[in-house]
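Working notes, beginning with the structure itself.
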Amino acid sequence: MKIPFRLLLGSLIAFSAGCAHPPATPPSEPAVTTAKASSAPAPTPLLLISIDGYRANYIDRGISPILASLAQQGVHATDGMQPSFPSLTFPNHYTLVTGLRPDHHGIVNNTMSDPALGKFSLSNRDAVSDGRWWAEGTPLWETADQHGLRTATMFWPGSEANIHGKHPDYWMPYDGNVTPQQRVDQVLAWLDLPADQRPTFLTLYFDAVDHAGHTYGPDTPQVDQALKETDAALASLVQGLQKRNLLDRINLIIVADHGMASVPANNSVMLDRIIPLNQVDVVSLGVLAGLNPAKGYDFSRIEAQLEKPQKHMTCWDKSRVPARLAYGSNPRVPQLLCLADVGWRITTTDYVSKKKGKLSLGEHGYDNQAPEMQALFVAHGPAFRQGTTVPSFPNVDVYPLMAHLLGLPAAANDGNYDAVKAMLKPDAQ
Ligand code: AMP
Ligand code: ZN
Ligand code: ZN
């Protein structure tokens with residue numbers, strides 16, 4: 001594929017082997033220097049890229065030229081890809097690499113609790129890196145490893161955890177201070193490894209678009225700036241691949257975990273004005289509030305109160321969540337769920353005063369059918385058709401597609417390869 005040169009100029013931060021930001025070395029794990037036992041030739045490498053919070057229609061803003069040109073010359077789900085419910089970061093990233101709905105892989109929220117394991121949140125590094133939270137799913141890197149392929153993750157939720165005794169071969173503990181360019185350089189450095197150490201399945205993760213979307217809201221110059229910066233990182237990646245003559249010899253899947261909706265500062269449902277908060281155990285707040293019974297209080301009264309029609313949110317006992325959300329059977333899902341209407345947040349008077357009114361102006365986590373929650377999907381490479389658009393599909397299908405591309409047997413999953421195989425060239429199906 002040819003990326004128009006004029007698009008590359010100006011937006012590029014040049015890659016060089018001896019760059020100012022040397023690629024980080026994989027921490028914690030000793031560098032692997034021996035070849036894995038496999039005599040078959042390695043399949044075409046696959047790089048899965050996530051741009052956190054890249055809403056499907058951001059691409060129409062005309063400020064993601066590299067992404068748009070990959071989309072135009074590859075496969076593009078123009079109406080987006082449907083996230084799984086809840087449309088949150090950790091649940092959906094784990095869905096992408098397992099093909100399981102959050103209810104089935106156990107990462108049911110960014111914030112959750114488990115009777116045996118305690119509390120989980122994104123900022124709790126011990127929990128995030130504890131494989132027991134992730135053990136209900138089998139991530140693609142684990143299956144790849146079992147079949148002799150090397151894997152590398154330039155950040156991915158789950159990659160920091162020892163899941164079933166394994167990490168990816170190369171991985172990094174999440175650090176938001178690693179710049180997009182350093183992330184790209186690391187991926188290119190992995191692709192430069194000698195064949196017997198080179199990963200075949202890789203991930204790359206960008207978070208600036210999600211951060212700006214939360215802080216300022218999706219329709220702001222700050223999000224536009226983050227889109228431009230992320231596209232510049234993609235430009236650097238594409239140029240690095242071109243330089244290595246790899247751009248047409250690597251399959252790229254570029255996705256988002258969910259979209260982003262604007263939430264005006266005043267659009268808050270105050271939970272403490274509806275129920276006495278000291279009578280419940282609040283597991284999560286935000287777009288999807290989760291409540292468990294608290295010792296000594298009658299939870300059925302709380303449930304009855306909240307399950308009455310509420311302004312700007314809907315509450316269900318976990319057994320009564322609408323079937324299309326595929327949510328509520330996992331023991332980690334709290335007993336009572338309240339889902340905000342798009343454009344609203346569920347919070348408390350205490351939280352708002354602590355934040356001094358400075359609330360996020362963009363949110364996700366909503367109903368996965370909401371147009372604002374639809375996520376980016378672009379694919380490019382030798383296995384993919386060129387100049388093809390596809391209708392919206394659920395993100396559980398990405399996993400069987402990737403397993404097929406790597407020639408791996410898919411673990412049990414909720415996806416459907418047949419629904420997405422038309423995006424592959426006939427000889428790659
Ligand atoms: P949220 O928007 O609350 O769903 O969370 C998204 C945020 O999670 C991102 O913007 C990152 O700052 C953070 N994040 C992403 N990956 C990781 C990770 N592996 N460990 C901890 N935090 C992460
Ligand atoms: Zn996210
Ligand atoms: Zn987010």
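The values are calculated or read from the model by the stated rules, or taken from the named source; none is laboratory data. Quick caveat, the model's predicted, so the values are computed rather than measured. All Cβ positions, glycine included, derive from the backbone under ideal geometry; neighbour counts span all protein chains shown. The accessibility values were calculated without ligands, DNA or RNA, using every heavy atom of the protein model including side chains. Shrake-Rupley method; radii C 1.70, N 1.55, O 1.52, S 1.80 Å.
Could you state the accessible area per residue of the chain in Å², with a 1.4 Å probe and every protein chain left in place?
Accessible area per residue: 40 Å².
Do me a favour and compute the ellipsoid semi-axes for the chain from its Cα gyration tensor, root of five times each eigenvalue, largest one first, whole Å.
37, 24, 20
By how many nm would the segment from Thr179 to Arg301 lengthen if fully extended, with 0.36 nm per residue of separation less the alpha-carbon distance?
39.0 nm
Just subtract the alpha-carbon distance of Asp114 and Ala265 from 0.36 nm times their residue separation and send over the number in nm, one decimal.
51.1 nm
What is the range 268-359 by shape, rounded, prolate or oblate, if you read a ≥ b ≥ c off the alpha carbon gyration tensor as root eigenvalues and call it rounded for a/c under 1.5, prolate for a/b larger than b/c, and oblate otherwise?
Oblate is the answer for the range 268-359, as a/c is 1.5 or above yet b/c matches or exceeds a/b.
How many nm is it between the label spots at Asp418 and Lys308, if each spot is 7 Å from the Cα in line with the beta carbon?
Between Asp418 and Lys308, the simple spin-label model gives 4.9 nm.
List the aspartates and glutamates whose Cα sits under 17 Å from the Cα of Lys354, skipping any in the same chain fewer than 8 residues away.
Straight-distance partners of Lys354: Asp272.
Which of the chymotrypsin sites (Phe, Trp or Tyr not before Pro) found in the range 146-237 are in a DSSP loop and have at most 15 neighbouring Cβ atoms, other than their own, within 10 Å?
Listed in order of number, the matching sites amount to none.
Under a Cβ-Cβ cut-off of 15 Å, what is the net charge of the residues other than Gly176 that fall near it, where Lys and Arg count +1 and Asp and Glu count -1?
Once all neighbours under 15 Å are counted, the net charge is -4.
Summarise the accessible area of the range 109-225 (1.4 Å probe, protein heavy atoms) by the percent that is carbon and sulfur.
The computed percentage sits at 49.
For the chain, give the magnitude of the charge dipole about the Cα centre (Cβ charges: +1 Lys/Arg, -1 Asp/Glu; no others), in debye to the nearest 20.
340
Nothing charged except the Cβ atoms of Lys and Arg (+1) and of Asp and Glu (-1): what's the magnitude of the dipole of the range 268-359 about its Cα centre? Round to the nearest 20 debye.
Charge dipole, the range 268-359, about its Cα centre: 320 debye, nearest 20.
How large a share of the accessible area of the range 268-359, in percent, is made up of carbon and sulfur atoms when the probe is 1.4 Å and the other protein chains stay in place?
Roughly 52 percent of what the probe reaches on the range 268-359 is carbon or sulfur.
Tell me the mean residue ellipticity at 222 nm calculated for the chain from its helices only (DSSP H runs of n ≥ 4, each -39500 (n - 2.57), averaged over every residue, nearest 500).
Using -39500 (n - 2.57) per qualifying helix, the result is -7000 deg cm²/dmol.
May I ask you to list the residues of the range 111-149 whose amide nitrogen lies under 14 Å from a point 7 Å from Cα along the Cα→beta-carbon direction of Asp281?
Residues 112-120 qualify, since their backbone N sits under 14 Å from the label point.
Placing +1 on the Cβ of each Lys and Arg and -1 on the Cβ of each Asp and Glu in the chain, which of Ala304, Ser113, Ile254 has its Cα farthest towards the positive end of the resulting dipole?
In the chain, that residue is Ile254.
Which of the lysines could a cross-linker bridge to Lys166, judged by Cα under 28 Å and excluding same-chain residues fewer than eight apart?
In chain and number order, the partners are Lys36, Lys119.
Can you tell me how much longer the chain between Arg61 and Asp272 gets when fully stretched, taken as 0.36 nm per residue apart minus their C-alpha distance, in nm with one decimal?
Taking 0.36 nm per residue and subtracting the Cα distance, the gain is 72.0 nm.
Summing +1 for each Lys or Arg and -1 for each Asp or Glu, what net charge is found among the other residues whose Cβ lies under 12 Å from the Cβ of Pro276?
0
So which aspartates and glutamates pass the test for Lys318, namely a Cα distance under 13 Å, with those fewer than 8 places away in the same chain ruled out?
Candidates past the 8-residue exclusion: Asp103, Glu303, Glu307.
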